[in-house]
Amino acid sequence: MQTAIDLYSGCGGMSAGAAIAIPGLEVKWALDIDKNATATFKKAHPEALVDCCDVSLVSATDVIERAVIEKIDWFFAGPTCQAVSTMGVFHLDDPRNALFVHFIRLLDGFTAAGRRPQRVIMENVPGVVYGKNLVIVKELFKLFEERGYHVFADVVNMADYGLPQLRNRFILVASVDPIAATFPMPTHAPDGGGDLEGYVTVAEAIGDLVQCNANGDGIVRLPEAVNQTAFQRFARNGADGVGSHFANSLTEINAKRIAQVPQGGCWKDIPPELLPDRFRRVRLTDYATLYGRLHEAAPAYTISAGFANVTSGCFTHPIHDRALTVREGARIQGFQDTFEFTGPRSAQYRQVGNAVPPFFMSKLLTHLTAGTEGVPARITSSALASGRKLPKMVRRYMNKKNESVRARDGYGGGTYWPAGWGEPIAADAVAANGYRLSEMPLRFRRRDEWRASRDKFTDQDLVAVYEEQQRRGVGPADLVALPLTREGDVDAIDRAIVQLLAIVGSKPGQMELDIPVRYLRARLKLLHDQLSERRVSNLPPLAIPEDGAAVLLGSDKGTFRLARLTFEDTDMSADASLKAPHLVLHPDPLRTKGKDKAAEDHLRYR
């Protein structure tokens, strides 16, 4: 029997798909911070130990003991994607990227305890390969390869495998045993042809729910299944009834707005007197999905956590004047009808939108376990090391369907002239003004104001942590173990780094720190800069070379020491009664003691 664990599991899309592909798969443990998502996961996998808590609170040794884990065949992980989302900010040092670090910490912990995961599947948004964010991918490859894994990745469009949704996602696969660096062969294409079928449409996914009236609990009886397609057989899974078929109610004004939108249309079909004034300031090439209505003859656009809100994307039902129901979104996400969601309606929407589609996961794991012929991965160690740009990861969808009288089908079908704006301005004139009617300067709120707020750590009382550690002091031992504990609004890793700076600042001399995890080096500098701006006392000087893992910390007067900064599960700190996650500073006595000044200088400046 194969076993699996699921980190940042959400409601369990990855595990649900894996269990379909691998009959008898035993899911031993899962963790997520969302209480409703973990309740749904537990309902689907009653045999699993499910933790609902901050990841910094768990250690691998404790998980192994509580979940009685003898081996780990599969390690699934879906770190939250906001820090690298194309809708957010390209900011490598965002504290939310610490979720990648905790993943590596637990991977090391399981390996140290003799439970080395044999295969790892990690999912994230395609934005992780864009621009400077590619450093995160390179770091992941480096960390996996240092641990003896064969690793490859790609950005896949799940519609190519029969999901009724244009969902592009970054998928990384790491394996102890060498396996072919491939992904499944596509089974679908926009128009089909040859051995490929056409993309699965919205009508194929949810058409049988159109005339279903749910009771007060959102439960409906499904019509008799006739001439089902492969996707419909998968989704229905023999069920004759289904739950969570309820949608959020609309305000009166939003109901009037979407009533004006035809299939494939968007806010540009709504008369201006019904729209907020801000729409006069947007670019015609942007926001083409706001107030969008799905087209029944095409796949859906990406289902997000906010798909209950018709104002935020293309989430309006193709026929009815309402948002998609939870169950309709779940169908489009590739959940089977037998999968039950728990919690309030808003929580169920969030669970569905955040999930990795089980339908795709079942295809991926079937391919990986069967070893069938596949498509070569485009992101490999050699591709990253070549210095060349990666090929274009996301293919434009050229087959948009649109019933608007002002629009056309095909690519660009969302850039038509809005209703009620008078005679269209010539395309070259619009383009010259950045596709805007207004000459107001553009604001990148999320890129500028939001990023500045994150950089300033406005929600973290770093000085209080630093000064408290100074008052506590530290013993004579050079080995320092700082528990990863989150108190208040201070991130657990940030707290440990600030405490480390206070400890080093209280001792004379300088140390060269080997820090193998890039995120720790980046956070060390950001936190040091913040404490320097706030003029804390005895802050040790910091120098970080552009290349390499080592940094210099402390004054060059006095003893020169060498040390390594790592994550470990240990009970060395006074606050830990059991083995718990710590940031540990290890001295390197073999390279420090007995060295004369010349040798120290050689080590220091090598």
Computed over the chain, the relative contact order (Cα-Cα under 8 Å, seq sep at least six) in percent reads 13 percent
Residue span Val375 to Lys142: 0.36 nm per residue of separation minus Cα-Cα distance leaves a gain in nm of 81.6 nm
So Arg396 and Asp54, fully extended at 0.36 nm per residue minus their Cα-Cα distance, gain in nm 119.4 nm
Computed from the beta carbon distance with a Förster radius of 56 Å, FRET efficiency for Ala426 and Asp556 to the nearest 0.05 stands at 0.25
Over 26 Å (Cα to Cα) among Lys132/Lys557; Lys28/Lys142; Lys363/Lys392; Lys142/Lys507; Lys28/Lys579; Lys71/Lys363 -> Lys132/Lys557; Lys28/Lys142; Lys142/Lys507
With +1 on the Cβ of every Lys and Arg and -1 on the Cβ of every Asp and Glu, the dipole magnitude of the range 17-74 about its Cα centre, in debye rounded to the nearest 20, is 180 debye
Here, Gln211 and Arg278, labelled 7 Å along Cα→Cβ, have an inter-label distance in nm of 4.1 nm
In degrees rounded to 10, the 0-90 angle between helix 492-505 Cα long axis and the longest Cα principal axis of the chain is 20 degrees
Per the rule of 0.36 nm per residue minus the C-alpha distance, extending Ser382 to Ala464 adds in nm 24.9 nm
Residues whose modelled amide H sits under 5 Å from the amide H of Thr570, counting only those 5 or more places away in sequence or on another chain, are Ala580, His582
Residues other than Leu222 with Cβ under 10 Å of its Cβ, Lys/Arg counted +1 and Asp/Glu -1, net out at -2
To the nearest 20 debye, the range 191-239 has a Cα-centred charge dipole, built from +1 on Lys and Arg Cβ and -1 on Asp and Glu Cβ, of 240 debye
Once the in-chain neighbours fewer than 8 apart are removed, the lysines whose Cα is under 28 Å from Lys256 read Lys268, Lys400, Lys401
One quarter of the C-alpha convex hull surface, i.e. the mean projected area of the range 164-278 in nm², amounts to 12.9 nm²
If R0 = 56 Å, then Ile319 and Glu70, at their Cβ-Cβ distance, give a FRET efficiency to the nearest 0.05 of 0.60
When the charge dipole of the chain is computed with +1 at the Cβ of Lys and Arg and -1 at the Cβ of Asp and Glu, the Cα pointing farthest to the positive end, of Gln470, Asn168, Tyr130, is that of Tyr130
Under the Karplus relation with 6.51, -1.76 and 1.60 and θ = phi - 60°, whole-Hz ³J(HN,Hα) for the range 168-182, x at Gly and Pro, equal 9, 9, 7, 10, 10, 10, 10, 9, 5, 7, x, 10, 4, 7, 9
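Which order, highest average first, do 181-193, 333-345 follow once you tally other Cβ atoms within 10 Å for each residue and take the mean per peptide?
333-345, 181-193
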Residues whose built amide H sits under 5 Å from the amide H of Leu562, excluding neighbours closer than 5 in sequence, are Glu512, Asp588
Given the candidates Gly216, Thr366, Ala67, the one whose Cα lies deepest towards the positive end of the charge dipole of the chain, counting +1 at each Lys or Arg C-beta and -1 at each Asp or Glu C-beta, is Thr366
When all Cα-Cα pair distances of the range 492-541 are considered, the percent exceeding 14 Å is 52 percent
The base-10 log of I(q)/I(0) that the Debye equation returns for the chain at q = 0.07, 0.08 Å⁻¹, one scatterer per C-alpha, is -0.50, -0.65
For the pair Lys35 and Ser532, the simple spin-label estimate (label points 7 Å beyond Cα toward Cβ) gives in nm 4.3 nm
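As an exercise, use a Förster radius of 41 Å and the Cβ-Cβ distance of Thr111 and Glu403 to find the FRET efficiency, rounded to the nearest 0.05.
Values: r = 55 Å, r/R0 = 1.35.
After rounding to 0.05, the efficiency reads 0.15.
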Between the Cα axis of helix 98-112 and the main Cα principal axis of the chain, the angle (0 to 90°, nearest 10) is 60 degrees
Long-range amide H partners of Leu166, meaning residues 5 or more apart or on another chain whose placed amide H is closer than 5 Å, are Ala300, Tyr301, Thr302
Rounded to the nearest 10, the angle in degrees between the Cα long axis of helix 345-354 and the longest principal axis of the Cα atoms of the chain comes to 70 degrees
Measuring from its Cα centre, the range 243-396 shows a charge dipole (+1 at each Lys and Arg Cβ, -1 at each Asp and Glu Cβ) which, in debye to the nearest 20, is 700 debye
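Values quoted throughout were computed directly from the atomic coordinates according to the rules given, and no laboratory measurement underlies them. Computed from a predicted structure; not experimentally measured. All Cβ positions, even for glycine, are placed from backbone atoms using ideal geometry, and neighbour counts span all protein chains on display.
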